[in-house]
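All remarks here apply to the structure that follows.
Readers should treat all values here as calculations from the given coordinates under stated rules, not as data from a laboratory. Computed from a predicted structure; not experimentally measured. Cβ atoms come from the backbone with ideal geometry, glycine included; neighbour counts cover every protein chain shown.
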């Protein structure tokens with residue numbers, strides 16, 4: 001038996017709409033987003049189902065889904081939505097809310113990648129690929145995938161051993177990160 | 001023609017060949033590029049997934065620097081291009097966002113610096129006809145599937161300079177370069193992009209779909225304009241083959257293909273960085289050249 005959902009919690013819908021600026025409440029379940037979604041086969045929830053769950057106030061279930069982390073931000077859903085909902089933008093908001101509310105992520109890999117990438121930018125002002133990949137692998141303990149590609153990437157100069165950066169620009173970026181973190185807390 | 005160039009992080013590492021070929025092609029076409037001094041990362045997908053203020057402020061910092069140069073910005077990486085355009089769109093349409101950028105970067109920015117993609121510059125400023133007039137080594141007989149991916153087209157009100165569902169700018173340039181653009185339906189389908197490191201299996205499935213369709217359409221190679229698309233189609237072609245064996249299909253940057261047609265040497269265009277080598281492409285171009293030379297002699 002499917003569980004009946006009472007439509008009482010509008011706070012979640014209001015917060016998602018305010019933070020994303022997208023009228024999620026306007027979703028009429030045409031499923032156009034889901035039919036064009038390239039990652040739909042791997043997702044536990046289709047994008048149209050995510051919209052419906054936000055409408056119904058199912059915050060915990062939505063924020064603990066795999067779907068919000070697997071969304072590749074290809075923007076096909078945003079482009080095609082007849083109600084002009086920026087669905088990819090809503091996915092960004094849901095990822096941020098999941099982190100803020102410490103929702104249990106079913107798979108930490110995407111989040112760990114995002115963190116490793118941003119740490120690298122924060123430190124160097126630009127991404128230092130080899131350092132970022134190493135940090136990601138240490139944190140996910142995923143030591144073997146793609147290691148076969150590293151020698152060829154080094155040989156083809158696609159990865160360098162040292163970061164490229166100017167220290168003045170890196171300092172500017174570090175300060176911007178600090179202030180952006182403060183601004184985010186006010187949202 | 002002069003632009004402030006924003007290379008972005010990929011172009012100085014995994015996509016140095018896109019950097020090299022973009023600069024060489026622009027030089028051959030007399031398009032002058034000056035790098036934005038001390039440019040910094042645009043934040044890419046990790047920033048817009050994690051911190052909305054940062055996702056606008058990081059590109060804005062670079063656009064403020066370009067404003068000092070008094071030039072329009074040109075980007076080659078599709079992801080950088082989309083992030084820079086999105087930041088402009090945000091500060092132009094949202095006053096609060098403009099205030100945040102001021103607080104974070106210490107300077108006002110209201111979207112004064114226009115941002116163009118290299119394809120937009122070629123087609124809408126330089127013009128396809130002028131490109132055609134500069135071709136010295138036509139890509140005769142080369143069948144090319146133009147792959148636009150996501151971020152040059154979507155969302156259209158922010159980034160598009162072409163039809164978002166059926167773009168044609170690369171096909172027009174391939175035609176101008178003497179090649180044969182193939183008609184295929186996956187021009188703007190996603191390759192999985194930034195899931196490359198975290199979910200290689202998904203990227204393998206998506207890349208396989210794209211490569212299989214390009215092969216079915218009879219393409220000799222794929223033309224791309226994004227470092228992530230290129231990496232997923234080229235370096236990850238072995239992973240894609242786990243979903244069904246396909247003939248090796250080179251994925252070249254559009255700037256590499258145009259560079260060859262402009263008479264530049266493979267080394268000037270970084271062709272040695274490709275995982276699936278371009279030998280078949282080069283052979284086809286030179287045999288087309290011989291055929292047309294023989295036809296010319298016969299006449």
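Observations on the model:
- Compactness of chain B, taken as the C-alpha radius of gyration over 2.2 N^0.38 Å, stands at 1.01.
- Once the Cα atoms are used to define both axes, helix B:279-298 deviates from the longest principal axis of chain B by about 50 degrees.
- Residues of the range B:3-17 falling in the label zone of residue B:72, defined by backbone nitrogen less than 16 Å from a point 7 Å along Cα to beta-carbon, are B:3-6.
- Label-point separation, residue A:18 to residue B:201 (7 Å along Cα→Cβ), nm: 3.9 nm
- Segment residue A:40-residue A:8, extension gain: residue separation times 0.36 nm, minus the distance between their alpha carbons: 8.6 nm
- Cα-based Kirkwood hydrodynamic radius, the range B:27-156, one decimal, Å: 16.2 Å
- The range B:68-217: C-alpha gyration tensor shape, a/c 1.5 cut-off, then a/b vs b/c: oblate
- Mean-position separation - Cα centroids, the range B:47-118 and the range B:202-245, in angstrom: 32 Å
- Normalised contact order of chain A, rounded percent, pairs of Cα under 8 Å and 6 or more residues apart: 18 percent
- Mean residue ellipticity (222 nm) of chain B, computed from DSSP H runs ≥ 4 via -39,500 (n - 2.57), nearest 500: -14000 deg cm²/dmol
- Crossing angle, helix B:78-93 versus chain B [Cα axis fit, 0-90 degrees, rounded to tens]: 30 degrees
- Neighbouring Cβ atoms from other chains, within 10 Å of the Cβ of residues in A:156-169, number 4 on average.
- Semi-axes of the equivalent ellipsoid for the range B:37-98, computed as √(5λ) from the eigenvalues of its C-alpha gyration tensor and ordered from largest down, come to 17, 14, 10 Å.
- Most mobile of B:64, B:230, B:27 in a GNM of chain B (Cα contacts under 10 Å): B:27
- Across peptide A:35-45, the average count of Cβ atoms from other chains found within 10 Å of a residue's Cβ is 3.
- If a spin label sat at a point 7 angstrom from the Cα of residue B:217 along the line to its beta carbon, the backbone N atoms of the range B:137-155 nearer than 17 Å would be those of B:141-154.
- Cα-Cα separations in the protein assembly as shown greater than 28 Å, expressed as whole percent: 52 percent
- Spacing of the modelled spin labels on residue B:108 and residue A:100, each 7 Å from Cα toward Cβ, amounts to 2.9 nm.
- Highest-MSF residue in chain B out of B:204, B:141, B:70 [GNM, Cα springs under 10 Å]: B:70
- Computed Kirkwood radius, in angstrom, where 1/r is averaged over Cα pairs of the range A:38-110: 12.3 Å
- Crossing angle, helix A:87-100 versus chain A [Cα axis fit, 0-90 degrees, rounded to tens]: 70 degrees
- 19 Å tail of the calculated P(r), the range B:135-298, as % of Cα pairs: 54 percent
- Inter-site label distance for residue B:92 and residue B:282 at 7 Å from Cα along Cβ, in nm: 4.3 nm
- Anisotropy class of the range A:144-186 from Cα gyration tensor, a/c 1.5 cut: oblate
- Chain B: most fluctuating residue of B:85, B:134, B:143 per GNM, C-alpha cutoff 10 Å: B:134
- Shielding value for A:106-113 is 4, the average number of Cβ atoms from other chains within 10 Å of each residue's Cβ.
- Shape category assigned to the range B:135-222 from the gyration tensor of Cα positions, a/c cut at 1.5: oblate
- Note that chain A shows a convex hull volume over its alpha carbon atoms of 157 Å³ per residue.
- Considering only alpha-carbon pairs that sit under 8 angstrom and 6 or more positions apart, the relative contact order computed for chain B is 19 percent.
- Dividing the C-alpha radius of gyration of the range A:73-172 by 2.2 N^0.38 Å, with N its residue count, gives 1.35.
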